[in-house]
């Protein structure tokens, strides 16, 4: 009985290997969003080495980028969309066996990581620091009871530091800083 099971397993193993060998490997493509400044990674694996074209089209089906490589079976290629308009783009990889297509949605980063709020000692003074941006920032400060005590729009050209004296504010303040893209950073104390 044990011998029959082993022979059956070997026969099934040979059949599955033969089936895989008879089915040629088809090309595959995937596009990954790197969440880093508009960079997407295009990964392509083909069936055989040859000429491969990478084409990118905007929503109006206008070719915005093209690149051709020869003599490779595949590639990993970062594509940087920063500086492009927001919208849907079509990424196409073409080889001798046909075309693979994937659509991506590109949105500009709404970065609030360049905004910092820090308490300065025990005097109820707070430092708002904004680094490396050129936009209008809205600063709202709320008291401990969530009442608006300060509302200000500030034009930032580069970096900026502002000190707020909140000695007359009752309770722990909350800072709400919003950039032009609508991204908001909330800091509660």
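None of the figures in this text is laboratory data; all of them are computed from the coordinates on show. As the structure is a prediction and not an experimental result, all values here were calculated from the model. Don't worry about glycine lacking a Cβ; one is built from the backbone with ideal geometry, like all the others, and counts go over all protein chains shown.
Worth a mention:
- Using the alpha-carbon positions of the range 26-106, Rg (one decimal) and Dmax (whole number) come out as 12.3, 35 Å.
- Calculated over the range 115-188: convex hull of Cα atoms, volume per residue (Å³): 77
- Exposure proxy order (Cβ contacts within 10 Å, fewest to most) of 170, 177: 170, 177
- Separation between Cα centres of the range 39-101 and the range 161-179, rounded to whole Å: 48
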